[in-house]
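Taking it in order: structure first as structure tokens, then the write-up.
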């Protein structure tokens, strides 16, 4: 695992083009071990000793102190997806022409098509299917009765989509991906993912480099202890696990980090309303548990 200074050096070399993306990735993850964390290293412990204070900055306790990070880096894949999304949106905004023929071939290759039944009289895509009465179908739009609906081919749907991407005919999610996820898509969804794939193929090196630089930057920030406070074990646990912190007004009760004060420090009417809401939530949960739907 690279030290704080080694990470800074690697980032600078990658940004300046002194090392390749492949080399930077290999160097960063070369000695990665499952379960090993930055705070297990000698580098972390030595620098931690220089910045940790002698008491909790939340409750003033001096027992079992730790450095509490207020922000954490994401996984590399999260940065890569975000950067890819940005480049894809830019690609789409440039109005780059996507070949109709190639797009159609892509759909047939990557998706199973489950056609939507259509009314042969008006073309509506929501005819009602009857169980006991014949003819089997009844169109809710024109009231036409029929046994055999009509279907549009993939080529026809793609042609309609290229004429008008907002057409009603192409909004149905009638395409199922052939991967393990088996997700349902409409043509608009498919086009986005197709364009995204094109962007990744064309800009893979640029996207990878930008994502890794962002990843390294946030990891360097994390290792620098820039966004940290000294906290006791109780306050650190409450912040990390329960997303709560000590109320700055009374310094006695804990509150959700999204609120300015704890319930006890609210004005009388707001405190009463908050307690009633909590009590209602408890009763609702108890009812769900009793009914076996919790």
Quick one: grab the alpha carbon gyration tensor of the chain, order the square roots of its eigenvalues as a ≥ b ≥ c, and give me rounded if a/c is under 1.5, else prolate or oblate depending on whether a/b is larger than b/c. oblate
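Per DSSP H run of at least 4 residues, take -39500 (n - 2.57); add these up for the chain, divide by its residues and hand me the 222 nm value, nearest 500 deg cm²/dmol.
On the way: 9 runs with 142 residues, N = 294.
When only DSSP H runs of four or more count, the value is -16000 deg cm²/dmol.
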Which FRET efficiency value, to the nearest 0.05, do you get for residue 131 and residue 85 by plugging their Cβ-Cβ distance into 1/(1 + (r/R0)^6) with R0 = 41 Å? 0.35
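Counting other C-beta atoms within 10 Å, which of 175, 225 has the fewest, and how do the rest follow? List each step's numbers first, then the result.
Numbers: 175 22, 225 17.
With the sparsest Cβ surroundings first, the list reads 225, 175.
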Specify the inter-centroid distance of region 100-115 and region 190-246, based on alpha-carbon positions, in whole Å. 35 Å
Stretchable slack from residue 101 to residue 52, in nm (0.36 nm times residue separation minus alpha-carbon distance): 11.4 nm
In nm, give the distance between the simple-model label positions of residue 176 and residue 278, each being 7 Å from the Cα along the Cα-to-Cβ direction. 4.9 nm
Expected output is a single nm value to one decimal: the length gained when fully extending between residue 108 and residue 148, i.e. 0.36 nm times separation in residues minus the C-alpha distance. What is it? 11.9 nm
Suppose R0 equals 35 Å. What FRET efficiency, 1/(1 + (r/R0)^6) with r the Cβ-Cβ distance, do residue 61 and residue 200 give to the nearest 0.05? 0.10
Residue 12/residue 258 FRET efficiency (R0 45 Å; Cβ-Cβ; nearest 0.05): 0.75
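Bear in mind that the values in this text are calculations on the coordinates, not laboratory data. Because the structure is predicted, anything quoted here is derived from the model rather than measured. Here the Cβ is made from the backbone with ideal geometry for all residues, glycine too, and neighbour counts use every protein chain on show.
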